[in-house]
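What follows is one structure encoded as structure tokens, with my remarks underneath.
Coordinate-derived values only; no laboratory data. Fair warning: this is a prediction, and the values are worked out from it, not measured in the lab. Counting neighbours? That spans all protein chains shown, and the Cβs are built from the backbone with ideal geometry, glycine included.
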Amino acid sequence: MILVFSTSPGPRRSAVPRAGRRTTRSLWEAVGDDPALRAAYRLCRARTKRQDPAEYALIQLVPAVMRPACWALWAAANAIDDLADDHSVDAERRAERVGAWIAALDHDVATGSSTDPVRRALVDTAWRWRLDISGLHGAMAVVRRDSHGQRFADWNSWRAWGRGTLLPWFDQVRDLFDKAGAGMALRLDRQEVYTTFLDGVRLTDILTDLSADLAQGDLLLPGQALDRFPGCEDDLSHRRWSPATAALVTDLTRLARAWVTQPALAHGMHPGPAVVLDTMAGLLRAQLDAVDAAGPALLRTPPRPSVAATARLVVPARARSALAWSLTPVTVPRPREARAPAVPAQSPPARRPVFDRPPPHPSGEQPPRIPADRMPTHVAVIMDGNGRWARHRGLPRHEGHRAGRAAAREMVYGALEIGLRHLTLYTLSTENWKRDGEEIGAILDILREELEDYPFQDLDVRVRWHGRPERLPQDVVDSMRLRERTTRDRTGLTLTTCINYGGRDEITRAAAALARRVRDGELDPDAIREEDLARHLPQPDMPDVDLLWRTGTEQRVSNFLPWHTSYAELYFTPDHWPETDRRHLWQAIDEYTRRQRRHGASADSPVPGTPGTAPPSGTAEDVGTSDVPG
Ligand code: IPE
Ligand code: IPE
Ligand code: MG
């Protein structure tokens, strides 16, 4: 199995021009003088160059100071892949070795160094660039499971696997670009384009290394794809090139080509990473051409594009990237701190960071104790009445929005205290652009300040943004993306802010995504179910809203989360948003516990596990405020 292009070992000719002197000098300036560390990075570079010349060529397109980090990430990803692929030992032993590598990395991260050169380079990269590599655990755990072999029934399970192994590594690279000051920020409406691109990367890999995978008894293609060409699975397992296998390969290369061809992917990005992504797409298509042209040889050796084909892409890309990077100087990482973080070498590494408690409410009031089976999972709030609050005080409207900021913070504190898992706040709707430009400008300024001050830094809050990037200033989009990335491993409260959000727009986009799947032959329109549409929403993992609360008297939903609120309990209060605090949220939740939710069932047989269906209050087990199950 492979990460980006091929990792199959073996010498290959590189189409990449050698790095010049100047490049080499600035490269090592970034790493420092430690000879062992330099040797570790050199080893990562040599492995990248030998095992994956295309990846090496791509890394040459980034400024020299960033390359050691890229080699380290690549080499680490492939080190564990190689352990999982090493069939000289049995599956049990392979899984053990991968597990030991991961455990050793945990230890090395805690101590700040390693006896293994690849881990040493990776740990140094994480420290130097302030990367949070704990996000790689998920991907590495999948590789460990893969040691026992893999089979996929359908494209959905294949996609989940592929994304699970690739996305976290790509996210590290994106973080690296961010830290270097060359944002690879993806606009929200490009998320799907991005993940589809990664599916294309994965499929190209699998087609390229079909021979190697088959040799060790692996066939990493979904049954759903194989079933369309009867007999091909059997032919492949016997390494027989037949009309069925030929048709399968033609079909899959077509699909992979469509997936990696995403012209919108790099729009709005810094030109440096944009050149890297464009070139990557070109190299992937060249690789797919080689797969197409290989014929029966595909089942014997991994096909390679010609040196000339690669050079045609890489040489002009180097000129373009030199120009692109000359426009924005890259931020060089600060020197490493001399001291390791305060984790003793012998102690097991602390996996879960310790978060602060939210500041208490000035009244000292504590949240009510809510029985676990009556606690809502997801509360969504329409924060209305800022303008009226200001008008009643003779103030301009924007003062109302400014005052509303404190109320929003209060709700987050209150949600953490009562143990709510999901809180979604409606901050700016797609319809709000009808307002005066000055008011919108003020709202965006307040948002900027909030993202800058960021009061939830030390709390267990994962931040997500829901909405469209169009019309929003790029710096606001970038800051929101950054907050999303830096908090993505937090598991306490998920706080989703809906900014430039429209409910109908969300459903329209999901419908468009489904239409694309149908067009690509992956989905039968007659078999589309509600779950299929839900999966194509921009935030497919957002749970249904249990309680929709609107302040400010009005009793309407104003295009807010129509898909998720279809069975929500509605709760309207007269207070203007700036007048509310966490105690109002607790009251809302308390009110929710008294509702009887039926979801279409009769009052005599309500749906189990929802408020109104639990035993009378007092008999259900009370839960503490921080351990409410999701
Ligand atoms: C809600 O308050 C905040 C936003 C829509 C941005 P309003 O600004 O709608 O306040 P009212 O409804 O005019 O009082
Ligand atoms: C809904 O409030 C949008 C937000 C709270 C962000 P509005 O004040 O814009 O809603 P309408 O226009 O009164 O329906
Ligand atoms: Mg309003």
**Asked** Using only Cα atoms, what Kirkwood radius does region 481-617 have, in angstroms?
**Response** 17.9
**Complete:** Magnitude of the Cβ-charge dipole (Lys and Arg +1, Asp and Glu -1) of region 422-467 about the Cα centre, nearest 20 debye, reported as 320
**Request:** Could you work out how far helix 243-260 tilts from the main Cα principal axis of the chain, as a 0 to 90 degree angle to the nearest 10?
**Result:** 50
**Item:** Net +/- balance of residues flanking Asp108 in space, Cβ distance below 11 Å, scoring K and R +1, D and E -1
**Value:** -1
**Complete:** Computed about the Cα centre, the charge dipole of the chain from +1 Lys/Arg and -1 Asp/Glu charges at the Cβ has a magnitude in debye, to the nearest 20, of 2240
**Complete:** With -39,500 (n - 2.57) per DSSP H segment of 4 or more residues and division by the full residue count of the chain, the 222 nm estimate, nearest 500 deg cm²/dmol, is -16000 deg cm²/dmol
**Request:** Order by neighbour count: Ser558, Ser211, Ser363, fewest other Cβ atoms within 10 Å first, most last.
**Result:** Ser363, Ser558, Ser211
**Message:** Just to be sure I understand: of the beta bridges DSSP finds with both ends in the chain, what percent are antiparallel, rounded to 5?
**Reply:** 5
**Complete:** Note on the chain: contact order normalised by length, alpha-carbon pairs under 8 Å, 6 or more apart, percent, works out to 14
**Fill in**
Debye calc, one equal point scatterer per Cα of the chain, no solvent, log10 I(q)/I(0) at q = 0.08, 0.09, 0.10, 0.12 1/Å comes to -0.67, -0.85, -1.03, -1.35
**Request:** Give me the compactness ratio for region 438-556, meaning the Cα radius of gyration over 2.2 N^0.38 Å.
**Result:** 1.26
**Asked** Where nothing but the Cβ of Lys and Arg (+1) and of Asp and Glu (-1) is charged, how large is the charge dipole of region 179-261 around its Cα centre, in debye to the nearest 20?
**Response** 400
**Prompt:** Got the relative contact order for region 27-149 handy, in percent, Cα pairs under 8 Å and 6 or more residues apart?
**Reply:** 29
**Asked** Which one of Leu265, Leu252, Leu207 is farthest out on the positive end of the charge dipole of region 128-265, using unit charges on Cβ (Lys, Arg +1; Asp, Glu -1) and the Cα centre as origin?
**Response** Leu265
**Message:** I need the phi-derived Karplus couplings for region 418-429: 6.51 cos²θ - 1.76 cosθ + 1.60, θ = phi - 60°, integer Hz, Gly and Pro marked x.
**Reply:** 8, x, 6, 8, 9, 10, 10, 10, 8, 9, 8, 9
**Prompt:** Which ordering of Asp235, Asp604 is given by a fewest-first count of other beta-carbon atoms within 10 Å?
**Reply:** Asp604, Asp235
**Request:** Treat the count of other C-beta atoms within 10 Å as a stand-in for reagent exposure and order Trp433, Trp563, Trp465 from fewest to most.
**Result:** Trp433, Trp563, Trp465
**Request:** If a/c stays under 1.5 just call it rounded; otherwise compare a/b with b/c (prolate if a/b is bigger, oblate if not). Do that for region 249-304, with a ≥ b ≥ c from the square roots of the Cα gyration tensor eigenvalues.
**Result:** prolate
**Prompt:** When Rg is the radius of gyration of the Cα atoms in region 27-149 and Rh is its Kirkwood radius, what does Rg/Rh come to?
**Reply:** 0.97
